[in-house]
Amino acid sequence: MNYTETHPRKVRGGSVHQTIGEKMKEMPAKTKAKQKDRGKNISSTAPIGVSERRAVEEKYLAPDVSNFVEAHDVKNVEKRIKLWLNTGYPVHLIGPTGCGKTSLAMHVAKELGRPVVWINGDESITTTDLIGGYSQIEQESLRDQYVHNVFKSKDILKADWVDNPLALACKYGYTLVYNEFSRTKPSANNILLSVFEEKILELPTKFGEDRYIKVHPDFKAILTSNSVEYAGVHRPQDALLDRLVSIYMDYYSFDTEVNIVNAHTGLPKEDARKIVSVVRSLREKLPDAQKPGTRACIMIGQGLKGLNGQGNMNFEQLCIDVIATKTRSPMDLLEKQAFVKEAIETLA
């Protein structure tokens with residue numbers, strides 16, 4: 001008697017016997033891929049490919065720094081940052097709002113020649129936001145009906161881990177820029193203690209052998225913070241501060257600020273000097289947390305450029321509009337208006 005591969009009789013709408021080819025066609029695509037991987041002896045922990053890494057990096061794009069001014073006082077701080085980074089220490093830039101901390105941090109990070117990942121700290125940041133976590137639990141079901149009267153069921157639960165910026169930087173040797181570091185609650189930043197000291201990143205919520213990551217030798221970190229007198233700022237724990245090199249930044253010199261305004265707005269140097277003079281005059285009279293920074297100079301310059309030279313009254317109002325962002329009451333606003341008017345009259 002000749003053997004036939006498929007029995008002509010049907011059971012529950014399907015053939016009693018199936019060839020290997022027919023079974024593979026009915027098998028889910030993911031199960032097929034797994035079986036092929038087993039045949040090739042591919043480990044699920046194989047290193048991530050170049051194309052996959054690029055796709056991951058694109059999710060954490062760092063802001064571009066344009067019109068960066070390489071003035072003498074800027075270069076001095078830049079050299080200090082690079083010195084400590086190359087020595088192996090993370091650098092913590094501390095200074096008032098708008099003094100150029102973030103721009104300088106991004107500029108130095110890009111010059112190091114490694115990919116840059118970015119974290120922007122705030123009150124809601126948790127350890128998971130820094131290191132990553134399980135994004136989803138995937139369930140696969142396999143039903144094997146090779147023999148018509150035998151039913152085999154198998155459920156597979158697979159947890160997918162997704163790395164966040166800190167884990168990516170530690171694993172692949174990227175440069176981490178942690179902006180507004182002190183606005184994150186200290187408990188979320190405890191994970192940095194072992195990273196900076198023992199060069200080990202622990203992933204507390206991860207299962208198995210991959211719970212610990214040895215920090216890549218090219219990993220570097222630049223953190224930026226406002227001074228402690230600013231609202232919404234947490235004082236970092238002493239144990240973490242002991243592992244950082246802190247560089248205090250202040251506002252740049254008059255000439256440097258003029259060059260920055262000129263580079264960002266395209267205004268003539270004469271107009272840029274006028275703006276910087278008014279803003280620096282206000283800094284001398286306002287409390288630290290209300291002092292306008294270089295960013296305020298740029299904003300006024302952009303507004304002035306949009307006016308197309310329509311007069312001094314408009315310039316005065318532009319200055320008041322920008323300075324008023326840190327106003328607490330109508331009386332406070334009147335005081336600032338008087339300061340602006342006095343500063344402009346002094347220039348006349």
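Taken together, the values in this text are just the output of simple stated rules run on the coordinates, not laboratory data. Fair warning: this is a prediction, and the values are worked out from it, not measured in the lab. Heads up, the Cβs are rebuilt from the backbone with ideal geometry, glycines too, and the neighbour counts pull from every protein chain shown.
Here the Kirkwood formula, the inverse mean of 1/r across different C-alpha pairs, assigns region 254-347 a hydrodynamic radius of 13.1 Å.
Entry note, region 254-347: relative contact order of 28 percent, from Cα contacts under 8 Å with a spacing of 6+ residues. Counted by neighbouring Cβ atoms within 10 Å, the residues L193, L241 run from fewest to most as L241, L193. In this structure, the pairs whose alpha-carbon distance is over 30 Å, taken from K101/K274; K305/K336; K110/K326; K185/K326; K185/K291; K110/K274, are K110/K326; K110/K274. Phi angles of region 86-100 translate, via the Karplus equation with coefficients 6.51, -1.76, 1.60 and θ = phi - 60°, into HN-Hα couplings of 5, 7, x, 9, x, 10, 10, 8, 10, x, x, 4, x, 8, x Hz per residue; Gly and Pro are given as x. Rg over Rh for region 205-295 works out to 1.17, both radii taken from alpha-carbon positions and Rh defined as the Kirkwood radius.
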